[in-house]
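Supplied in structure tokens, the structure appears directly below.
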Amino acid sequence: MPITVTVLDDYQGCCAFLDAACELDGSNVRLDVEHEHLPASALAVRLAESDAIILIRERTRLDRELIAKLPRLKLVVQTGRLSGAIDLEACHERGIAVRDGEGSPVAPAELAWLLIMAGSRRLGSYLARQRRGEWQRTTAQFETESLGHVVQDRTLGIWGLGRIGSRVAGYAQAFGMQVIAHGRESSAGRAFELGIEYEPDRERFLARCDVVSLHLKLNDETRGMIGPTDLAAMRADALLVNTSRAELIRGGALLDALDAGRPGSAALDVYENEPEGAQAYLHHPRILATPHIGFVERDTFERYFSTAFRQVKAFFSPV
């Protein structure tokens, strides 16, 4: 009887065309792919016959309640590094093995830089008005119209100078930006290694930046750590870029802050309760919104699924 391996949330149908699928050649695996994001209420039925589940990052959560309803489940594979999407304790109690892979900073760093450039030049607003037949306009009224600007000679603040933030810093320096960093002690040490200025005071850091890009891991310490006071400390013409995790910012705080005028705009790739939670941000006039595509590109998916499929094969067909 074949082993049923279910891939959840394959929005692009990528499993059908990845070279990585060859990793399953010669195995007794039936690949079962779900393309839609299913509500929690439908997951237990959908996964009832699954011997293994492959998660694409954190698109679906496997909590204790769901795990208890999956008696056939023997293996969970997380593409990329492990995150809070899996209840590891519940898996351990039920004897379910959990595997993860490795990520790469390249794709998310490039997406962050794209948003910095596009947000600075107000590309999202220009394109939206152009589709309505309006030429070189970002708003309907002259009173709210404003020009974008180049990034050269402006200041980029990187909050969290890890692998991704360090790459973004390099891009910024190549474009003639001044870069300053903020974050924990590890960010201070990395800033020293890279010759980047480190600003330990949060309020001064935010007030100095033309652009602030978030590159923090989400954990109990960082969840909701950015609140109204922090956002109000940013300049009225500043751009906030978040490609890390929406939950770093306290719920509702960013929309309120934009409406209050500080920061001036935002470029986002992450949202609470995706994909439904993105709706609140999609039509705001000062938000450039992308659908969490920081890691969504061919090379990353080949790496993710090559690792995941090898792990499945090794688990069910040990040498």
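Laboratory data are not the source of any read-out in this text; all were calculated from the coordinates shown. Since we're looking at a predicted model, the values are computed, not measured. Here Cβ is always computed from backbone atoms with ideal geometry, including for glycine, and neighbour counts include all displayed protein chains.
So which lysines pass the test for Lys313, namely a Cα distance under 28 Å, with those fewer than 8 places away in the same chain ruled out?
Output for Lys313: Lys69, Lys74.
Give the relative contact order (percent, whole number) for the chain; include only Cα pairs under 8 Å separated by 6+ residues.
Relative contact order for the chain comes out at 16 percent.
Determine the gain in length on full extension of the stretch Arg223-Met1; use 0.36 nm per residue of separation and subtract their C-alpha separation, reporting nm with one decimal.
75.5 nm
Tell me which trypsin sites (Lys or Arg not before Pro) from the stretch 1-83 have a DSSP coil assignment and no more than 13 other beta carbons within 10 Å of their own.
Lys69, Arg72, Arg81
Continuing with this model, one more query. For the pair Leu282 and Leu82, what calculated FRET efficiency results from E = 1/(1 + (r/R0)^6), where r is the Cβ-Cβ distance and R0 = 30 Å, to the nearest 0.05?
The value I calculate is 0.50.
Additional query: If r is the Cβ-Cβ distance from Arg121 to Tyr11 and R0 is 25 Å, what FRET efficiency results, to the nearest 0.05?
0.35
Right, next: How high is the FRET efficiency from Arg46 to His149, r the C-beta distance, R0 45 Å, rounded to 0.05?
0.40
Rounded, prolate or oblate, given the Cα gyration tensor of the stretch 179-319, with a/c below 1.5 counting as rounded?
oblate
Now for a different question. For a protection proxy built on the mean count of beta-carbon atoms within 10 angstrom, sort 91-103, 162-174 highest first, please. Provide the component values of the computation, followed by the final result.
Numbers: 91-103: 15.0, 162-174: 19.7.
Going from most to least packed, we get 162-174, 91-103.
Any idea how far apart Trp135 and Gln173 come out in nm if each label point goes 7 Å out from Cα toward Cβ?
4.3
Right, something else. Specify the inter-centroid distance of the stretch 156-226 and the stretch 227-277, based on alpha-carbon positions, in whole Å.
16
Now a separate question. Under the rule a/c < 1.5 gives rounded, and otherwise a/b versus b/c splits prolate from oblate, where does the stretch 86-217 land using the Cα gyration tensor?
oblate
Are there chymotrypsin sites (Phe, Trp or Tyr not before Pro) in the stretch 258-319 that DSSP puts in a loop and that have at most 14 other Cβ atoms within 10 Å, and which ones? Intermediate values should be presented prior to the final figure.
Working: sites: Tyr271, Tyr281, Phe295, Phe301, Tyr304, Phe305, Phe309, Phe315, Phe316; in loops: Tyr271, Phe295.
Filter output for the stretch 258-319: empty list.
Loop-only check: which GluC sites (Glu not before Pro) in the stretch 253-319 are DSSP coil with at most 16 other Cβ within 10 angstrom?
Glu272, Glu297
Quick one: go through the stretch 252-292 and flag any residue whose amide nitrogen is under 12 Å from the point 7 Å out along the Cα-to-Cβ line of Asp237.
Correct set: 264.
Another question, if that's okay. Mind checking the angle between helix 185-194 and the chain's longest principal axis? C-alpha axes, 0 to 90 degrees, to the nearest 10.
It is inclined by approximately 70 degrees.
Relative to the longest principal Cα axis of the chain, at what angle does helix 106-120 sit, 0 to 90 degrees, rounded to 10?
Taking the Cα atoms of the chain, the angle to 106-120 is about 30 degrees.
Along the charge dipole of the chain, which of Ser186, Ala267, Asn219 sits closest to the positive end, that is, farthest toward it, with unit charges on the beta carbon of Lys, Arg, Asp and Glu (+1, +1, -1, -1)?
Selected residue: Ala267.
What angle do you read, to the nearest 10 degrees and between 0 and 90, between the alpha-carbon axis of helix 298-316 and the longest principal axis of the chain?
Computed tilt is about 30 degrees.
On each of the three principal axes of the Cα atoms of the chain, give max minus min coordinate, whole Å, ordered largest first.
67, 49, 35
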